Each structure stands twice: as structure tokens, then as C-alpha cells.
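Note sheet for the following structure.
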Amino acid sequence: MRTLLITGPGGSGRTTVAAATALAAARQGTRTLLLGADRDDTLGAVLGTATGPAPITVEPRLTAWRPDAAQGFRTGLAALQDRAASALDLLGAGRLDPEEATPLPGADELALLRALRDAALAEGPDQHDLLVVDLPPAPRALALLALPEELRRYLRRLLPPERQAARALRPVLGRLAGVPMPAEALYEAAARWDLELAAAEAVLADRNTIVRLVAEPGPAGADAVRSAALGLALRGLRTDLLVANRVLPEDTPADSWLTGPLTQQRKALEEWQGTHDVRTVAHLGRDPRGTDDLAALDVPGVNPDPSPVEWPVTDRLAEDGVLVWHIPLPGAIRDELDLIRRGDELVVTAGPFRRIVPLPSALRRCTVDGAALREGTLAVRFAPDPKLWPRSR
């Protein structure tokens with residue numbers, strides 16, 4: 001299944017473009033699932049059909065679904081209390097009724113990731129050929145896309161899987177240390193969470209998953225696109241198009257009040273066309289409502305063969321005595337870059353974004369020799385460590 005993730009600055013019309021893209025694919029014969037993330041039914045307002053926690057058929061081959069984060073949170077809380085019943089009883093803790101539980105911050109993001117995973121793994125009549133996801137606005141979307149990888153890293157550091165091998169020794173170790181050791185149920189829960197997060201991470205990393213940016217051409221849109229493109233690149237996520245939404249007609253009279261916005265629009269489009277594959281969607285003169293308006297937008301289709309994202313390692317041992325790791329970071333600024341080597345990981349900071357990435361196996365036996373940013377690509381040089389690198393005879 002192909003997955004198209006759509007995001008952009010708040011107010012850019014990303015939900016409208018997502019709905020129009022899903023509708024166009026369905027009318028071309030592709031079984032399509034449109035997944036929404038907003039608590040308010042903005043998706044239903046655009047489609048002209050209410051959406052909710054139960055998938056609905058909008059048209060033949062088009063299904064819309066907006067997961068209920070509150071219901072998912074209540075179900076998860078009830079299951080957690082059941083698994084921890086003995087510990088809660090020992091502490092004399094009172095249980096929470098599902099009806100009195102309200103979602104905590106982050107519940108929406110976890111509900112969307114769970115829905116994304118379930119949609120990708122669906123079989124039979126629930127299986128679709130294309131999944132179009134209306135992500136939150138770009139800053140929240142970037143945090144959401146980073147969530148599976150970050151949470152899995154935290155779990156591995158706090159509860160390393162290899163420690164489970166000593167489960168039989170835990171009672172003895174607890175008595176010797178004088179402190180209680182982690183219960184087996186805790187490791188079982190961590191393994192279950194890791195499995196669920198790994199499934200979501202696999203969907204995001206799949207070669208058939210791409211991200212599409214939507215923005216209204218103008219100064220604010222240009223700044224937001226530059227930041228979002230950098231954040232997506234640091235995550236290694238594939239992007240295919242930049243949809244310039246609500247584009248004003250070029251034949252606007254010279255004395256019209258739209259002359260100023262049109263000038264800003266031309267400047268933004270010229271800048272974008274130098275760095276992105278830009279497709280324009282015309283302004284209808286009104287807020288699109290219903291499938292007829294969505295079809296009139298004539299949004300671009302889904303690229304069947306997106307270009308993969310690669311972070312190649314170049315062997316320059318013979319020429320310069322180094323290996324060079326190339327990390328594409330379009331829009332990065334040299335003064336806002338930072339690198340820290342931590343064991344077998346590299347901590348990369350680019351502007352407001354930060355990611356901890358494992359080093360390729362060959363680079364783990366090297367020391368960092370320097371880095372340079374040229375034409376949107378960060379080149380990190382690694383010199384072989386004589387103590388770890390095999391010596392030639």
C-alpha cells in the first residue's frame with residue numbers, strides 16, 4: 001500500500017488538499033482511505049459528509065476515518081489498570097472509571113499513529129491501495145513523525161531487552177541490592193509498546209511512504225516550508241511535491257487590491273521552483289465545500305515511484321584517508337548546525353530540529369575528523385581509528 005502524508009503551515013488548506021487528493025485517486029479507480037487527525041471535524045466539513053471514529057464511505061472506493069483519541073485513551077487506560085490490578089490493590093489505589101478519564105497531551109498523536117499502523121496492516125475488505133493522511137500543521141506533524149523512533153530509543157535505554165535474560169535472578173538481585181527490581185510485567189509492557197511503535201515506524205520508513213507539503217505562497221508560507229523541509233530531511237522522510245495552494249490568477253487588474261498579494265505570491269513561487277517540485281492549485285474564490293468543489297481544484301496525483309532518500313558513505317581513504325557521510329539537509333544554515341558523537345551514535349542538530357542517528361557499521365570504527373555544509377548537504381568526515389581499524393599486512 002502507498003501512503004501519502006500531507007502537512008503544511010496552519011491555515012494553508014492542507015485538509016482541503018488531502019481530501020481533494022484522496023477523491024481524485026478514488027475516482028481514478030484506486031481504493032483509498034482518507035485519515036484525519038483533527039478533533040474537530042474539519043475533514044467532514046470539506047467533504048460535505050460527517051466523519052468520525054467509524055470509517056464511512058464517501059464515494060465508491062473512497063473511505064474516510066477520523067480516529068477518536070478519547071475512546072482510544074479510555075480503552076488503553078482500562079487495559080493498563082487490569083494488567084496492574086495486583087500492584088494497585090497492594091497500594092490501596094482506587095481505579096479510574098473510563099467515563100471520568102480525559103485524554104492526556106499526546107493522546108491525539110498516539111491515536112493517529114495507531115490508526116496509521118492499523119490501516120497499513122489491514123487485510124481483506126478493510127485493505128486499501130492508497131492511504132492519504134491529513135497530518136496536523138507542520139510543527140506538530142514533525143514531532144508526531146519523530147515520535148516512534150524517539151520513544152523506542154527511550155524504551156531501549158530505560159529497559160534494555162538484554163536484561164530480560166536475567167529475569168530468574170531478579171528476586172535474588174533485589175534482595176542483594178536492597179531495592180525492588182523491575183517486575184516482569186514491566187518488561188512485557190515495554191516489549192509490547194516497542195512492537196507497536198516499531199510497526200508505526202516501519203510504515204513511516206517504508207519506500208512507498210511519501211510526504212507532501214502544502215503552503216500558500218507568500219512570506220509566511222516560504223518561511224514555514226523552509227523549516228518543514230529541513231525537519232523532514234533530518235528525519236530521512238521522502239517528499240515528492242510542494243503544493244502551492246490558493247494561487248491567485250495572473251490576469252488580476254493592475255489597480256486591484258490583489259496586486260500586492262500577487263507580487264508576494266510570484267516571489268514565493270520563484271523561490272520554491274528553485275528548490276522544490278512545485279504544483280499550483282488555483283484559488284476558487286471561496287472555501288471549497290463538497291466533492292464538486294474538491295474535484296474542481298484539480299490537485300496533482302500521487303507519484304507512483306518516489307525517489308528514495310539516501311545518506312551515502314563515500315570511501316576517500318585512498319585520496320584523503322577519510323570516509324565521508326553525506327547527510328542531505330536542504331535549507332540548513334551553518335551557524336545553526338551542531339554535531340556530537342556519542343558512542344555509536346551521532347547527535348545532529350539543524351535549526352530547531354534534533355535527531356540521534358546510529359552510525360553505519362564502518363563509521364563506528366572511526367573518529368570524527370570534521371564536517372562541512374555545501375549546497376544543502378552536510379558532509380561529515382571520519383578517520384579510521386588505528387586501535388579499531390584492521391591493519392593491512
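The values are calculated or read from the model by the stated rules, or taken from the named source; none is laboratory data. A quick note: this is a predicted structure, and the numbers were derived from the prediction, not measured. Methodologically, a virtual Cβ is constructed for each residue, glycine included, from the backbone with ideal geometry; neighbour enumeration extends over all protein chains shown. Protein only, heavy atoms only, side chains kept; ligands, DNA and RNA dropped before computing areas. Shrake-Rupley method; radii C 1.70, N 1.55, O 1.52, S 1.80 Å.
Table for the structure above
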| read-out | value |
| --- | --- |
| Only listed residue being within 14 Å of R235 (Cα to Cα), β-branched (V, I, T) and in contact with a Leu (Cβ under 9 Å, 6 or more places away or on another chain), chosen from I333, I356 | I356 |
| Qualifying residue in the stretch 213-232 (condition: under 24 Å from A350 (Cα atoms), part of a strand (DSSP E or B) and not small (G, A, S)) | yes |
| R61 vs. criteria on the phi > 0 side of the Ramachandran plot and without any contact (Cβ under 8 Å) to a residue 60 or more places away in the chain | yes |
| One residue from R374, R365, R334 being under 18 Å from L230 (Cβ atoms), open to solvent by 40 Å² or more (accessible area, probe 1.4 Å), at pLDDT below 95 and in contact with a strand residue (DSSP E or B) (Cβ under 7 Å, 6 or more places away or on another chain) | R334 |
| Selected residue (only one of T275, T291 is within 30 Å of W325 (Cβ to Cβ) and either of a type in the set (A, V, I, L, M) or surrounded by 14 or more Cβ atoms within 10 Å (Cβ to Cβ) (or both)) | T275 |
| Filtered residues of the stretch 26-49 (kept if surrounded by fewer than 24 Cβ atoms within 10 Å (Cβ to Cβ) and not acidic (D, E)) | R27, Q28, G29, T30, R31, R39, T42, G44, A45, G48, T49 |
| Residue within the stretch 17-38 that is in a helix (DSSP H, G or I), charged (D, E, K, R) and more than 23 Å from the chain's Cα centre (by Cα) present | yes |
| In the stretch 130-162, residue nearest to A205 (Cα to Cα) [restricted to those that are touching a Lys or Arg at 6+ places or on another chain (Cβ under 9 Å), at pLDDT below 95 and charged (D, E, K, R)] | E149 |
| Residues of the stretch 330-347 classified as over 24 Å from R365 (Cα atoms) and in contact with a Lys or Arg (Cβ under 9 Å, 6 or more places away or on another chain), total | 2 |
| Matching residues in the stretch 294-313 - criterion: being closer than 28 Å to H326 by Cα and either of a type in the set (S, T, Y) or open to solvent by 80 Å² or more (accessible area, probe 1.4 Å) (or both) | P304, D305, S307, P308, E310 |
| Candidates R207, R238, R286 - the one that is in contact (Cβ under 8 Å) with a residue 24 or more places away in the chain and closer than 21 Å to G8 by Cβ | R238 |
| Test: A379 is on the phi < 0 side of the Ramachandran plot, over 31 Å from the mean Cα position of the chain (by Cα) and among the small types (G, A, S) | no |
| Residue in the stretch 50-69 that is least open to solvent (accessible area, probe 1.4 Å), counting only those that are in contact with a Gly (Cβ under 8 Å, 6 or more places away or on another chain) and of a type in the set (A, V, I, L, M) | A64 |
| Count of the stretch 1-16 residues which are closer than 26 Å to E123 by Cα and either open to solvent by less than 10 Å² (accessible area, probe 1.4 Å) or over 22 Å from the mean Cα position of the chain (by Cα) (or both) | 4 |
| Test: A318 is of a type in the set (G, A, S), surrounded by 13 or more Cβ atoms within 10 Å (Cβ to Cβ) and out of contact with any Gly (no Cβ under 6 Å at 6 or more places or on another chain) | no |
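For (1) within 26 Å of V299 (Cα to Cα); (2) surrounded by 13 or more Cβ atoms within 10 Å (Cβ to Cβ); (3) modelled with pLDDT under 90; (4) within 30 Å of the chain's Cα centre (by Cα), each residue gets a yes or a no:
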position: P182; (1), (2), (3), (4): no, yes, yes, no
position: Y187; (1), (2), (3), (4): no, yes, yes, yes
position: R207; (1), (2), (3), (4): yes, no, yes, yes
position: V225; (1), (2), (3), (4): yes, yes, no, yes
position: V243; (1), (2), (3), (4): yes, yes, no, yes
position: T280; (1), (2), (3), (4): yes, yes, no, yes
